[in-house]
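What follows is a short report on a single structure.
The values are calculated or read from the model by the stated rules, or taken from the named source; none is laboratory data. Keep in mind that what you see is a predicted model, and the values were worked out from it rather than measured. Cβ placement follows ideal geometry from the backbone for every residue including glycine, while neighbour counts extend to all protein chains displayed. All accessible areas refer to the heavy atoms of the entire protein, side chains included, with ligands and DNA or RNA removed. Shrake-Rupley method; radii C 1.70, N 1.55, O 1.52, S 1.80 Å.
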Amino acid sequence: MTDIRSSAVTAAPPAAGGVPRRLPRRHPFRWLALAVILVLAAMFAHGLVTNPNLQWDVVRHYFTSADVLRGLRVTIELTAGTMIISIVLGTAVAALQMSGGPLLAGVAGVYVWVLRSVPLLVQLLFWFNISALYPRLSLGVPFGPEFVSGNVNAFMTPWVAALVGLGLEGSAFVAETVRAGIRSVEPGQTEAARALGLRGPAIFRWIVLPQAIPVIIPSLANILVITLKATALVSVISLSDLLYTVETIYGRTYQPIPLLLTATIWYLILTLLLTLLQRGLERRFGRSARRGAPAPLWRDALAGLGSGLARFVVPSNRRAAR
Amino acid sequence: MSEPMLVARDVSKSYGRQTVLSHFDLTVDEGEVVCLIGPSGSGKSTFLRCVNHLEPIDSGEVSVAGHLVGYRRTGARLRELSPREIAAQRSDIGMVFQGFNLFPHLRVLDNLTLAPRKVRGVDAATAETRARAALERVGLAGKAAAYPRRLSGGEQQRVGIARALMMEPRLMLFDEPTSALDPERVGEVLDVLRDLAAGGMTMLVVTHEMEFARAVSHRVAFLDGGSVVECGPPGQIFDSPAEERTRSFLRRLGH
Ligand SMILES: Nc1ncnc2c1ncn2[C@@H]1O[C@H](COP(=O)(O)OP(=O)(O)OP(=O)(O)O)[C@@H](O)[C@H]1O
Ligand SMILES: [Mg+2]
């Protein structure tokens, strides 16, 4: 098939006075930039490989050691838990802000303001030490009898404090993202749905949300990456995540550089996976909005990592074909 | 004829300090086609939106098929209905928009079946059968699987009409259904309106298509400054209007 096509092209020679042959635009600066980048990359790679201070053998030793993997697992679980809390809570807060009536909207607004204002580090320390403020927690009628009560100190483990701190802060950012996504849906959509006899929750579920999701997903994925990195802060409350684990190890072995490198490589891998997830979601939910065939997933991901190199290296015949 | 399909009595509505409708009166009988004409800002769209309570009115009454829209009479007072009851009333009133307002994330077929399924609980198979019949009726049988974006303006508006018809409305409201269309696409939409009128649908049509108003409507209402200045058969309104304001409006249109 390729044969037929290419021979068809050569079979139409640019006869003098005939149809002129069309050539793609030249990109001399792209080639120049590529050369410069290749040289710089080679220098950097050379340095990475040959600098003895990086101690690659130490990296290799710890990269999949039981301790590091346990820390990695805590980081992943914390990120996942935080994201679930953030999305559920954040969507609820956004819903209140947009349709909860003036009182609830005000409360939701204050919530977002406070949680976006207080630095995460402060929040983590605050929640971890909350028992100093409220030693006992009880469930009951306000100013009336208590049904259940417990010791806050026992309940507020580093894990819980980390989830509460990260989750609350994340929910404030998710709320803003969701609100922006919902506002991006034309009012005419809601109007048409109301005119058909649909009501609030159904309109949200079937009309507004599906159109808001393609707008929300990229920012949500961004929050996810930020959350992943923010989990590193939990080392201040002695939760053994990836960073705290390598810190503990190099506190013992005095090899900070290779161990920080170990953690960095894991963070790079996790972020790459999240980026792939993001592109997958965008492609899944952005279908009707897009025209033409989407580019391959891996190329999307590379582009998402900020590397225009991907588009440079992969000939843009797809785009040209449209 | 039995009781009127639509009665608007002494309706007033303002946005802040701006009065948009004042002492607005209009009656539409069952099976009647009434065209609303008037200058920009005269309150045509606002009135349509009040008929299905998309906008609440400040005073007066709107009834459709003998039922007060949006309120319940309790003694001498009117109490606003619950969202569920208002939604049920709206589902009996079809509305077609100037900008089509199709749901871009849904295929044409799903645009049509969504409301019957979610509002009326019609099962998927029945809804689909009825949707295909409705598309047939507006001449778009082949477009069920297309996304709205891929359709021309005239096709989108016909889908909009079919979507409204799916709820088997007793009254259809059209807000400038052809104003956003290329001139050569206007005819195909007006043809659908003509068919509906011939089929006995009660219709209230805001339009700038005077030829259409003259040919299809039973009565034409001229609006200015938020109330009906003059209302009567098209021949009377277009050829021998009683009011000076109507005359000057028509003169400006080159009538
Ligand atoms: N939501 C709103 N808030 C404030 N003012 C409004 C609103 N909707 C309409 N208006 C005002 O009410 C007046 C009547 O508007 P309306 O849309 O009913 O006019 P119209 O007769 O449909 O005009 P057109 O022919 O331009 O569509 C206008 O002056 C408009 O600015
Ligand atoms: Mg209007």
Q) Short version: what are the Cα gyration tensor semi-axes of chain B, square root of 5 times each eigenvalue, largest first, in whole Å? A) 29, 24, 16
Q: Could you look at the protein assembly as shown and say what percent of its accessible area is carbon and sulfur, using a 1.4 Å probe and all protein chains?
A: 60
Q: State, to one decimal in nm, how far the label point of B:S14 lies from the label point of B:S152, with both points 7 Å from Cα in the Cβ direction.
A: 4.7
(Q) Given a 1.4 Å probe, show me the residues in region B:111-154 buried by at least 30 Å² of accessible surface when comparing the whole protein assembly to the chain alone. (A) B:L114, B:A115, B:K118, B:V119, B:Y147, B:R149, B:R150
Q. Where the only charges are on Cβ atoms (+1 Lys, Arg; -1 Asp, Glu), what is the dipole of region A:55-286 about its Cα centre, to the nearest 20 debye?
A. 400
Q) Between A:V148 and A:R284, what is the label-to-label distance in nm when each label sits 7 Å out along the Cα-to-Cβ direction? A) 3.3
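Just the number, please: Stokes-Einstein D of region B:64-147 in µm²/s, Kirkwood Rh from C-alpha pairs, 10 °C, 1.306 mPa s.
106
Once the Cβ-Cβ distance between B:E243 and B:D29 is put in as r, and R0 is 25 Å, what FRET efficiency do you end up with, to the nearest 0.05? Write down the numbers at each step before the final one.
Values: r = 23 Å, r/R0 = 0.92.
Approximately 0.65, to the nearest 0.05.
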**Q.** Helix-only CD estimate at 222 nm, as mean residue ellipticity for the protein assembly as shown, using -39500 (n - 2.57) per DSSP H run (n ≥ 4)
**A.** -17500 deg cm²/dmol
**Q.** Loss of accessible area when B meets A, both sides summed, Å² nearest 100, probe 1.4 Å
**A.** 2100
Q: State in Å² the accessible area per residue of chain B; use a 1.4 Å probe, count heavy atoms of protein chains only, and round to the nearest integer.
A: 44
Q. Which lysines have a Cα less than 16 Å from the Cα of B:K13, not counting those fewer than 8 places away in the same chain?
A. B:K44
(Q) So if I average 1/r over every pair of distinct C-alpha atoms in the protein assembly as shown and take the inverse, what Kirkwood radius in Å does that give? (A) 29.7
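Which of the chymotrypsin sites (Phe, Trp or Tyr not before Pro) found in region A:184-258 are in a DSSP loop and have at most 16 neighbouring Cβ atoms, other than their own, within 10 Å?
A:Y254
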Q: Mind listing, in residue-number order, the residues in region A:194-242 that have at least 10 Å² less accessible area with every protein chain present than in their own chain alone (1.4 Å probe)?
A: A:R194, A:A195, A:L196, A:G197, A:L198, A:R199, A:W206, A:I207, A:P210, A:Q211
Q: Only bridges with both residues in the protein assembly as shown count here: give the DSSP antiparallel percent, nearest 5.
A: 60
